[in-house]
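Comments concern the structure below.
Just so you know, all these numbers are worked out from the coordinates, no wet-lab data involved. Keep in mind that this is a model prediction, so the values were computed, not measured. Counting neighbours? That spans all protein chains shown, and the Cβs are built from the backbone with ideal geometry, glycine included.
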Amino acid sequence: MTAVPTEEELGKLVGTPFPGGTFTFEPWWVRLVNDCALAPASDGAASPVFAFLAATAAMGWSWEEMWGLFGATEADGPMAGETATEIREPLRVGATYGVSGRIVSAVRKRGARTGVFDLVCYRLDLQDEHGSLAASCTNSIIFPRRSL
Amino acid sequence: MTAPGDELPAYEVEPVSAEKMKTMSALMRDANPIHFDPAAVRALGLGDRVVNQGPLNQAYIVSMLARWAGGAARVRALRLRFLGNVFAGDGLVAGGTVTAVRQDGAGRVADCDVWLRVSGGDPVLSGTATVLIGE
């Protein structure tokens, strides 16, 4: 999809599954992320931030593909709204997790200052090697709709 | 003993590094040039300094909680709203307040309001966290 979806088309995207994939917390990658985050190497992959990073890395779409689903590009300036992560079991360095998820809501809104925008919410889950839910993250994206 | 109303020790983050943003872009395979190309930031009218990645900003709040609670593995839930950008060279402060202490399936936990703000400036992240406390 390249054109801005109508409200009806937007609603039909709710429930769309991500292709999904797997993510392995390789020690060198975890170490460099912690270095960038000014976090101690001893934290390993325990920070909830790793759930978001792994889930979005293995969701099966690039960000541009995700924007494209909603008729947008990077140049349209999609913005992060909120992020919520829940850890059921600490994520482990060296472990591989399955990633799956879906679009959970998509609504068009009009703000006095912001103009028209679409608020899209998606959820991604990380399952451990036994298929148990290890972590989940639910995030929202704001798509400005300057043409509407 | 942790109690509602307790202030979490503030964590002062060293000025944000453009070099670390470049590395993070590669680690995330994030092609958005606002994290490594000042010209792209200028083109958006956001100034001359590259923009820090959201996950790094989140990580500073986790570090604040981890220092207080005894490790990042104690942070079990985190809900944050993005309020603004952090630019290269910005100093930051992360902090929070305990709002409730309760027992859940994992043990005794503290619910907290948390925030990250540019030093002397506005909040760039705010939200809530749930942290295991060993009491």
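Figures for the structure shown
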item: Every residue from the range A:83-93 that is out of contact with any Phe, Trp or Tyr (no Cβ under 8 Å at 6 or more places or on another chain) and at the interface with another protein chain (Cβ under 7 Å from one of its Cβ atoms); result: A:84, A:86, A:87, A:90
item: Residue count, the range B:15-52 (criterion: polar (S, T, N, Q) and either in contact (Cβ under 8 Å) with a residue 24 or more places away in the chain or crowded, with 20+ Cβ neighbours inside 10 Å (or both)); result: 3
item: Selected residue (criterion: nearest to the other protein chains (Cβ to nearest Cβ)) from residues of the range A:94-125 that are among the β-branched types (Val, Ile, Thr), surrounded by fewer than 17 Cβ atoms within 10 Å (Cβ to Cβ) and under 18 Å from residue A:52 (Cα atoms); result: A:104
item: Filter result for residue A:75 (within 10 Å of the chain's Cα centre (by Cα) and at the interface with chain B (Cβ under 10 Å from one of its Cβ atoms)); result: no
item: Spans of strands (runs of 3 or more DSSP E) in the range A:45-139 with at least 2 residues hydroxyl-bearing (Ser, Thr, Tyr); result: A:79-87, A:96-111
item: Test: residue in the range B:86-97 that is within 13 Å of chain A (Cβ to nearest Cβ), at positive phi and not acidic (Asp, Glu); result: no
item: Members of the range A:16-28 found to be under 19 Å from the mean Cα position of the chain (by Cα) and either more than 15 Å from residue A:96 (Cα to Cα) or not in a loop (DSSP other than H, G, I, E, B) (or both), listed by number; result: A:16, A:17, A:18, A:19, A:21, A:22, A:23, A:24
item: Some residue of the range A:14-31 being closer than 20 Å to residue B:61 by Cα and either surrounded by fewer than 16 Cβ atoms within 10 Å (Cβ to Cβ) or not basic (Lys, Arg) (or both); result: yes
item: Scope the range B:33-62; condition in contact with a Leu (Cβ under 6 Å, 6 or more places away or on another chain) and hydrophobic (A, V, I, L, M, F, W, C); matching residues; result: B:61
item: Residue match in the range A:26-36 (condition: within 12 Å of another protein chain (Cβ to nearest Cβ), under 22 Å from residue B:32 (Cβ atoms) and in contact with a Gly (Cβ under 7 Å, 6 or more places away or on another chain)); result: no
item: Single residue of A:54, A:58, A:46, A:80 found to be farther than 21 Å from residue A:147 by Cα, facing chain B (nearest Cβ under 10 Å) and aliphatic (A, V, I, L, M); result: A:46
item: Residue B:96 being small (Gly, Ala, Ser) and loosely packed, with under 14 Cβ neighbours inside 10 Å; result: no
